[in-house]
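One structure is given below, encoded as structure tokens.
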Amino acid sequence: MSDRLRAGFAAAYGREPEGVWHAPGRVNLIGEHTDYNDGLVLPFALPLGVSVAAARRDDGVIEVRSHQAEGVVTAPVDGGTVVSEGWPSGRAWAAYPVGVARVLRERGAGGASLLIDSDLPQGAGLSSSAALECATALALCDLHGVEIDRPALARLAQRAENEQVGMPCGPMDQSASLLCEAGHALMLDCRSGLSARVPFDPAASGLALLVADTRASHALTGGEYGRRRAECEEAAALLGMAALRDVKDLAGALGTLRDPVLRRRVQHVVTENHRVEATVGLLRAGAVAELGAMLNASHLSLRDQFEVSWPEADAAVDAALRAGARGGRMIGGGFGGSVIVLAPAERVDRVRDAIVAAYAKRGWTAPEFLNAVPSGGAARVTAP
């Protein structure tokens, strides 16, 4: 990808890039919709991601092009109107790198010319947006000599998405993209920002973690994601707490809340935090094969308590379990995207075939698959 980017950059801008930076997408093993509730998450990075070729500009402008989209977007990093050629909306995905540039301006970064390339499937819930933010952030920091430690940079990238894109996400995706290491998952406390790397190597236990892109695309800047977050905040306020992370007595909290919707949201968040802690314990004990029960419980909670699953996800998980998988669950914000399935390595083909058959029976577009191998975090991949 880097050679294609360098050549494309030279063709687009008439000069060589000063480097290429790569940031990975992520799979969240467990801990869904807990991040913005100050809770616990356990993501790991994928080998696929977003790469950015970049060169410094000294005119205070960020210019963005992509191999995945036509047109060019230019914008001042100190705010103002985004100017686009070729994109009817005027912003599209370019709001992510422009937003990062505007936030990092406060730390001394400036303008740049960017060319972006990605091998992550769009709309699959694998956090291509955070990968784009993090690759851009590393590039801008390097180009302008800005030193920011990675946990702080993750928070700044999250802030860019919150403020500039309008997506009320928590810090998980950006932290995973910047902090993960190969062969590990990242245990992240979204309140304190503290993290720990937990060994996670399914292949060593004779297992495989399969990602199935259900091909049901999602857009988390829509209303349902924001509504779930607002419901959690309302429940926390009614309970007199800063966030649902603070619920210690689940039965007492459920008894206090009258709204059945809020009770369901609280039940998911509290029990999901417990599942993260249990999963970390299993991984540290080397009991990878026992993760299936945690995945199954998480999926049922997301489906029934948090109500963010979708028919293609439910059908994929059900078909995988019937074919001998250890467990499975939806991942991401919900309402579309991907599922993960943990299966014995010798049963992966059977599980994949079962999911495909379940989709064909319903007349749905066939899913796409990738093997989820815990990989390293964002990095500069080429020098000038």
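The values are calculated or read from the model by the stated rules, or taken from the named source; none is laboratory data. Fair warning: this is a prediction, and the values are worked out from it, not measured in the lab. No Cβ is skipped: glycine too gets one built from the backbone with ideal geometry, and neighbour counts run over all protein chains shown. Each accessible area value is taken on the protein alone, full model and side chains, heavy atoms only, with ligands, DNA and RNA left out. Shrake-Rupley method; radii C 1.70, N 1.55, O 1.52, S 1.80 Å.
Here are the numbers:
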item: Tilt relative to the chain, helix 291-304 - C-alpha long axis, 0 to 90 degrees, to 10; result: 90
item: Spherically averaged projected area in nm², based on the convex hull that wraps the Cα atoms of segment 143-233; result: 8.8
item: Under the Karplus curve 6.51 cos²θ - 1.76 cosθ + 1.60, θ = phi - 60°, whole-Hz ³J(HN,Hα) for segment 96-106, x wherever Gly or Pro sits; result: 5, x, 4, x, 4, 4, 5, 6, 6, 4, 5
item: Options [x] 23.8; [y] 18.9; [z] 27.5 - which one matches mean projected area of the Cα convex hull in nm² as calculated here; result: [y]
item: Distance from segment 306-384 to segment 24-42 (C-alpha centre basis), Å; result: 17
item: Label-point separation in nm, A383 to K361, each point 7 Å along Cα→Cβ; result: 5.8
item: Computed over segment 266-384, Cα set: Rg, Dmax in Å; result: 15.9, 52
item: GNM top mover of M167, M241, M294 - the chain, alpha-carbon springs below 10 Å; result: M241
item: Accessible area (Å², per residue) of segment 147-234, counting only protein heavy atoms and a probe of 1.4 Å; result: 41
item: Size of electric dipole in the chain: Cβ of Lys, Arg +1 and of Asp, Glu -1, about Cα centre, debye, nearest 20; result: 500
item: Å² per residue, accessible surface of segment 283-384 at 1.4 Å; result: 42
item: Full-extension gain in nm, R197 to L282, via 0.36 nm per residue minus C-alpha separation; result: 29.2 nm
item: Lys, Arg +1 and Asp, Glu -1 on Cβ, resulting dipole of segment 1-136 about Cα centre, debye, nearest 20; result: 160
item: Residue with peak Gaussian network fluctuation, the chain [Cα springs, cutoff 10 Å], from R197, R227, R275; result: R227
item: P(r) of segment 1-129 over all Cα-Cα pairs, binned every 5 Å from zero, in whole percent; result: 2, 10, 18, 20, 20, 15, 10, 5, 1, 0
item: Positive-end residue, segment 1-83 charge dipole about Cα centroid, Cβ charges, pick of L46, V82, G60; result: L46
item: For the chain, built as a Gaussian network whose Cα springs stay under 10 Å, the top-fluctuating residue of H67, H299, H33; result: H67
item: Peptide ranges 142-150, 342-350, 110-118 listed from the most packed, as the mean C-beta count within 10 angstrom indicates; result: 110-118, 342-350, 142-150
item: Helix axis angle, 311-322 relative to the chain longest principal axis, alpha carbon, degrees; result: 60
item: Per residue accessible area of segment 20-145, 1.4 Å probe, in Å²; result: 28
item: Efficiency of FRET from Cβ geometry, D259 and D149, R₀ 35 Å, rounded to 0.05; result: 0.30
item: Vicinal HN-Hα couplings computed from phi for segment 203-209 (Karplus, 6.51 cos²θ - 1.76 cosθ + 1.60; Hz; Gly/Pro x); result: 4, 5, 9, x, 10, 9, 10
item: Alpha-carbon centroid distance for the pair segment 54-71 / segment 90-137, whole angstrom; result: 10
item: Carbon + sulfur, % of accessible area of the chain - ligands and nucleic acids excluded, 1.4 Å; result: 48
